[in-house]
Amino acid sequence: MNTTSDVLIIGGGIVGLAIAIELKLRGATVTILSRDFKQAAAHAAAGMLAPQAEGIPLGPMLELCLRSRQLYPNWIRKLEELTGASTGYWPCGILAPVYAAEAERTDLREAAAIARASGTEAQWLDQAVIHQYQAGLGSDVMGGWWFPEDAQVDNRALTQTLWIAAQTLGVSIQDGVSVQAIQQQQRQVVSVQTSVGDWQAKHYVLATGAWSNELLPIPVQPRKGQMLAVQSPDSAAGLPLRRVLFGSDLYIVPRQDGRIIIGATSEEVGFTPNNTPAGVQELLARAIRLYPALQDFALQELWWGFRPATPDELPILGASACTNLLLATGHYRNGILLAPITAQLIADAIAQQPDPLLEHFSWQRFHQTKPSTPPASLAASSTPAALSSSTHVLPRSNSVLTHAVPALAQADITTLDSPLVIAGRSFHSRLMTGTGKYRSIADMQQSVVASGCEIVTVAVRRVQTKAPGHEGLAEALDWSKIWMLPNTAGCKTAEEAIRVARLGREMAKLLGQEDNNFVKLEVIPDTKYLLPDPIGTLEAAEQLVKEGFAVLPYINADPLLAKRLEEVGCATVMPLGSPIGSGQGIKNAANIQIIIENAQVPVVVDAGLGAPSEAAQAMEMGASALLINTAIAEAQNPVAMARAMGLAAEAGRLAYLAGRIPVKSHASASSPLTGTITQ
Ligand SMILES: Cc1cc2nc3c(=O)[nH]c(=O)nc-3n(C[C@H](O)[C@H](O)[C@H](O)COP(=O)(O)OP(=O)(O)OC[C@H]3O[C@@H](n4cnc5c(N)ncnc54)[C@H](O)[C@@H]3O)c2cc1C
């Protein structure tokens, strides 16, 4: 065990390095564990410091960005003095030209209003002025915004400077060390397991950019960006471009040495490497349209990188589920800009002086808040961030609400609920189904569609052994719409379940779900009642959470076990209603109720439900979701039953949110007794 320092930072990209330096300057001892310095998105970026050109709306994110932009000049001065290196910081302003066809874009019209309200400058330049301001723009540019306070930095030079500064100050940087698991006990990180042994510190900071959800079930996904650079010809008149051009889906960033950076694509392709002809062609076509002279400049370099994106495109900053672990990730398109403020806020939080701004960037915004008294808290439970997320919200299908109520009422009702959020991923359907026990693949396919479910659990072992009904599963369902929940059915011990969970992750990857780290954990030694082993389940859950899985454990309805599983970091708990496949319904309602009351993670009632009335009952009790397989697969008409279960899940949820009347011991007349006609 390497007992290191006050603070151990996982990830040595721009965010990790900036935090390390800030902490070191405040007197802490700091270690950085960095898998690969060259892998960091910080090297791939364009280095724009562009809160205004990016069109960030008024609100906490704009405040964060503007505060960071303001910190830049002093931060850079300090770093350059410390190292003697240059970072290429250049407060050159950013010009955002607009083509005729875009002139009506409301986000552009709002630029002035946002600038006024945030105390920044933004100036509209009409056609004649903008072409005078910047010679050589495309002839169809009809005007544009000038943001004089936006700036740029040479992000490669800056990252190198940060590295040297950290070393100069005595930060211990361990490059080539990959953190494999964060070991937690009782909401405390006790150590991190790495490629070179275990490390320990008082505080930990996760700053692993796009790779963050390999270590914790937080919703950070890679968003690939392709870039290229050209070299402007030597010119006696100086640089042809002296300010950043920020077009639509394109930017052109001139450096002071004549290099010109052109970016960037935005692709949801996981960690797929390389530049592609299509990506490069797209960038060049847009760049040449905006600044035609570029077509003759020398091509210098192509590269790509992975932005750390969250569903709402805001960073995840501050406290985590563990008291001594802080999160500094998900900076998406603005990590270079946000480095100095992130460093400051994280250092303040470690010093127990968290800035109130951090509240807006908490990881908990992706986790469901359960209404304690349903009707009163309805509005609060529908988090706009989760609802507006386009990346992770799967399409709503077969919703009862879309068919059953008029449009206005429907809008009112749908706003009552927020999506089901599991490990940061949002789902509209609260019914999960399975693939087992169907009489035919066609029955299974149609039932999945009829149920409206967005999560389907698949037994990894049955797929591996090509058990009946599990051949051709890859083609049987549309895995771009259905989220796979690999399960460890058939595993009798924790060790087996852990092994099968790892296979499940690979299986999901093969189906194109690169970022799927979900596993439904089943450890079932008993073959008669198929009851789960609580100790084996807890052991396996602990290990799988450390390995970065989002664990959904199948358990007996034991409230204490449910709490322990939540404490070790499980993404949900899945108590059974009655033994698997028994169709006995909910036999342990009192215990499930206690689990629901105490859980901070979604409670999914799993197993034993036989009829839609039982599905509705579980949802009325406040369960977050249901998993139903046998009752659908073995029904006489599985497709009709699937639909019925889907409707029941929605009806039960709506009833829970609506708040049922209390049960009274006496009658209460439906019509008023006052105002009746008496003789
Ligand atoms: C094409 C492109 C253009 C961009 N342009 C801009 C821009 O103009 N302006 C701007 O502000 N931002 C821009 N960004 C975004 C910016 O680059 C990122 O937001 C920023 O780099 C994120 O910093 P980070 O330190 O969190 O992650 P990274 O810089 O990616 O660093 C993460 C580091 O963590 C390490 N790591 C990961 N997992 C582990 C592990 N398990 N153990 C140990 N180490 C680990 C990685 O090896 C890596 O070195 C751009 C990004 C891209 C890809």
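No value in this document is a laboratory result; all are computed from the given coordinates. Quick caveat: nothing in here was measured; it's all calculated off a predicted structure. In this analysis, Cβ positions are derived from the backbone assuming ideal geometry, glycine residues included, and neighbour counts consider all displayed protein chains.
In degrees between 0 and 90, to the nearest 10, how far off the longest principal axis of the chain does helix 589-598 point, with axes built from Cα atoms?
For 589-598 against the chain, the angle is about 20 degrees.
Multiplying the sequence separation of LYS528 and GLN445 by 0.36 nm and subtracting their Cα-Cα distance, what value in nm do you get?
26.9 nm
Roughly how big is the chain's charge dipole about its Cα centre, with Cβ charges of +1 (Lys, Arg) and -1 (Asp, Glu), in debye to the nearest 20? Spell out each step's value before the answer.
Working: 50 positive and 60 negative charges, 153 e Å.
Here the size comes out at about 740 debye.
Give me the extension gain from ASP6 to GLN132: residue separation times 0.36 nm, minus the current Cα-Cα distance, reported in nm with one decimal.
My answer for the length gained is 39.8 nm.
Based on the Cβ-Cβ distance of ILE164 and ASN591, what FRET efficiency does E = 1/(1 + (r/R0)^6) give at R0 = 45 Å, to the nearest 0.05?
Numbers: r = 59 Å, r/R0 = 1.30.
It comes to 0.15.
Counting chymotrypsin sites (Phe, Trp or Tyr not before Pro) as exposed when in a DSSP loop with at most 16 other beta carbons within 10 Å, what is the longest stretch of the chain free of them?
Excluding the exposed sites themselves, the longest stretch runs over 1-270.
Using Cα positions and a limit of under 28 Å, work out the lysines in reach of LYS520, with same-chain residues fewer than 8 apart set aside.
LYS370, LYS437, LYS466, LYS481, LYS492, LYS509, LYS528, LYS546, LYS563, LYS587
For the range 38-44, in order, what is each residue's ³J(HN,Hα) by Karplus, 6.51 cos²θ - 1.76 cosθ + 1.60 with θ = phi - 60°, in whole Hz (x at glycine and Pro)?
Ordered by residue, 3J(HN,Hα) equals 6, 6, 4, 4, 3, 6, 8 Hz.
Once amide H atoms are placed 1.01 Å from N in the peptide plane, what residues at a sequence separation of 5 or more from LEU49, or on another chain, have their amide H within under 5 Å of its amide H?
The list, which skips near neighbours in sequence, is ALA151, GLN152, VAL153.
Find the relative contact order for the range 562-679 and round it to a whole percent, using C-alpha pairs within less than 8 Å whose residues are 6+ positions apart.
Computed over the range 562-679, the figure is 21 percent.
Between LYS78 and ALA669, with labels modelled 7 Å along Cα→Cβ, what's the label distance in nm to one decimal, could you check?
7.6 nm
Based on the mean of other beta carbon atoms within 10 Å per residue, what is the order of 6-16, 318-328, most packed first?
The packing order, highest mean first, is 6-16, 318-328.
Modelling each spin label as a point 7 Å along the Cα-to-Cβ direction, I'd like the GLN584/ARG187 distance in nm, to one decimal.
3.5 nm
Given the chain, what percent of its DSSP beta bridges are antiparallel, to the nearest 5?
Of those bridges, close to 55 percent are antiparallel.
Quick one: net charge around VAL179, please, counting Lys, Arg +1 and Asp, Glu -1 for every other residue with C-beta under 13 Å from its C-beta.
Once positives and negatives cancel, what remains is -3.
Between ASP257 and GLU282, 0.36 nm times their residue separation minus their Cα-Cα distance comes to what?
So the chain would gain 6.5 nm between ASP257 and GLU282.
Do the sum for the chain: with -39,500 (n - 2.57) for every DSSP H run of n ≥ 4, divided by all residues, what is the mean residue ellipticity at 222 nm, to the nearest 500 deg cm²/dmol?
-10000 deg cm²/dmol, from helical runs alone.
Once the Cα atoms of helix 14-25 and of the chain are each reduced to a long axis, what angle between those two axes, in degrees from 0 to 90 to the nearest 10, is obtained?
With rounding to tens, the tilt is 80 degrees.
Search the structure for amide H atoms under 5 Å from the amide H of SER191, placed 1.01 Å from N in the peptide plane, and list their residues when 5 or more places away or on another chain.
GLN183
In degrees, nearest 10, range 0 to 90: what is the angle between the Cα axis of helix 494-510 and the longest Cα principal axis of the chain?
60 degrees
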